[in-house]
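The values are calculated or read from the model by the stated rules, or taken from the named source; none is laboratory data. Just so we're clear, the structure is a prediction, and the values are computed from it rather than from any experiment. Here the Cβ is made from the backbone with ideal geometry for all residues, glycine too, and neighbour counts use every protein chain on show. Accessible surface areas use protein heavy atoms only, side chains included; no ligands, DNA or RNA. Shrake-Rupley method; radii C 1.70, N 1.55, O 1.52, S 1.80 Å.
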Amino acid sequence: MAEVESAGDFRSVVLLAGGVGGARIAEGFARALPEGALTVIANVGDDEEFYGLRVCPDIDTLLYTLSDRINRRQGWGVADDTVKALDVLRDLGAPAWMKLGDADFGLHIWRSWRLAEGDSLSEITVEAAKRFDTRTNIVPATDDRLRTKLNTDEGWMDFQPWFVGKRCGPKVSELRYEGADAARPSAQAMAAIGAAELIVFAPSNPLLSIEPMLAVAGLRDAVAQTPAPCVGVSPLIGGKAVKGPLARLMQDLGLEATSRAVAGRYAGLLDGFVVDAGDTEDAEALRKAGLSVASMDILMGGPEGAERLAREVLEFAAGLVPSRERRSA
Ligand code: GDP
Ligand code: CA
């Protein structure tokens, strides 16, 4: 592995990512790094079957964002997509609460067809990333079944019925990553971590996007043991999520909705953490705990903002020495 001395030297960066927040910073890294240098390891805990089709919302958001097909206003789905197929399904009496667009259905049909032919989700995802010309490797954390389940005041729920069907309404008391114990990391994810000069934890939802992947023991161990620096970026600014239910979910689960609490979820895995310039108390608390902390504007806005943040994260990472906190954990 070549010595990384400055931000421009990184040739293999791994990003652990969920959907919207993960895809936004992935686009920034894809713009900041040489072509092919970025591998995104994607959460599959949100995956679900609809009408016999396999839908992978986080992988799909990554594919659409990195191929510039994304509906930028929403942050998910294909730009200018229509919902004729969904309208037909509704007319036929099928449940139609999951917002699947017509172009979107094409990807789900292709993926499900290939799975039925015996190809792995990894092979399919890598090929989709190539054919969509993302100039980035996208690999699922695991090819095995992994499903985030939520215990709520309405009982145990699958992820999508809670997230989309009920708009995160039911109060959550417990999370479970079903299948994680038996799941093995995908070979592509392990190879990418093995070759990585830097691992970045995207500003994704720790509880719903990153921890399902880390619940796969082999993947967690590989991240814990890599000599490459590991850096996280907070998804919270001033204790608020830029988008989505993270702050409320943390409160529901008895956690503080702060950047330091997010970093705490990754205890033993991080050498450095990036918080918003305004979150000085978080920065101080984390530094006291022995972590290297960088403070900067972590709101991305659009692709240019994402590229700016990615470059600043690379700069920070290039100057990091592996922390004692992580090595002793
Ligand atoms: P999901 O799977 O679609 O929910 O997406 P992720 O888990 O990857 O990302 C969700 C998180 O992204 C939310 O908690 C947001 O706060 C965070 N996020 C979205 N945009 C930004 C941004 O511009 N900056 C930062 N720091 N976080 C962001
Ligand atoms: Ca997700």
Among rounded, prolate and oblate, which fits segment 199-329 when a ≥ b ≥ c are the square roots of the eigenvalues of its C-alpha gyration tensor, a/c under 1.5 means rounded, and a/b larger than b/c means prolate? rounded
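How much length, in nm to one decimal, is gained on full extension between Glu35 and Lys166, taken as 0.36 nm per residue of separation minus their Cα-Cα distance?
43.2 nm
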What list of ³J(HN,Hα) couplings, whole Hz, do you get for segment 259-271 from phi and the Karplus terms 6.51, -1.76, 1.60, once you set θ to phi - 60° and write x for glycine and proline? 5, 5, 5, 5, 4, x, 5, 10, 3, x, 10, 9, 9
Within the chain, what is the number of lysine pairs with alpha carbons under 22 Å apart, leaving out pairs fewer than eight places apart on the same chain? 11
Give the distance, in whole Å, between the Cα centre of segment 174-198 and the Cα centre of segment 225-291. 21 Å
Ser120 paired with Ser173, simple spin-label distance in nm, labels 7 Å along Cα-to-beta-carbon: 3.9 nm
What residue among Asp282, Asp60, Asp102 shows peak mean-square fluctuation when the chain is described by a Gaussian network model with Cα springs under 10 Å? Asp102
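Can you tell me the length gained on complete extension of the stretch Trp110 to Thr280, counting 0.36 nm per residue apart and subtracting the Cα distance?
Numbers: separation 170, 0.36 × 170 = 61.20 nm, distance 4.72 nm.
Gain in length upon complete extension: 56.5 nm.
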Around Ser292, which amide H atoms from residues at least 5 apart in sequence, or from another chain, sit under 5 Å from its own amide H, with H modelled in the peptide plane? Phe273
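Relative to the present Cα-Cα distance, how much length would full extension add between Arg90 and Gln74 at 0.36 nm per residue of separation? Display every interim value, and only then the final one.
Details: separation 16, 0.36 × 16 = 5.76 nm, distance 2.26 nm.
Gain on stretching Arg90 to Gln74: 3.5 nm.
Could you give the size of the charge dipole of segment 17-83 about its Cα centre, using +1 on the Cβ of each K and R and -1 on the Cβ of each D and E, expressed in debye and rounded to the nearest 20?
Details: 6 positive and 11 negative charges, 60 e Å.
Value, rounded to 20: 280 debye.
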Would you mind computing, in nm to one decimal, how far apart the modelled labels at Lys288 and Lys130 are, each placed 7 Å from Cα along Cα→Cβ? 5.2 nm
Positive end of the dipole of segment 201-297, charges at C-beta (+1 Lys, Arg; -1 Asp, Glu), about the Cα centre: which of Met250, Asn205, Gly218 has its Cα farthest in that direction? Gly218
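With every protein chain present, what is the per residue accessible area of segment 34-122 (1.4 Å probe, Å²)?
Numbers: 4020 Å² over 89 residues.
Dividing the accessible area of segment 34-122 by its residue count gives 45 Å².
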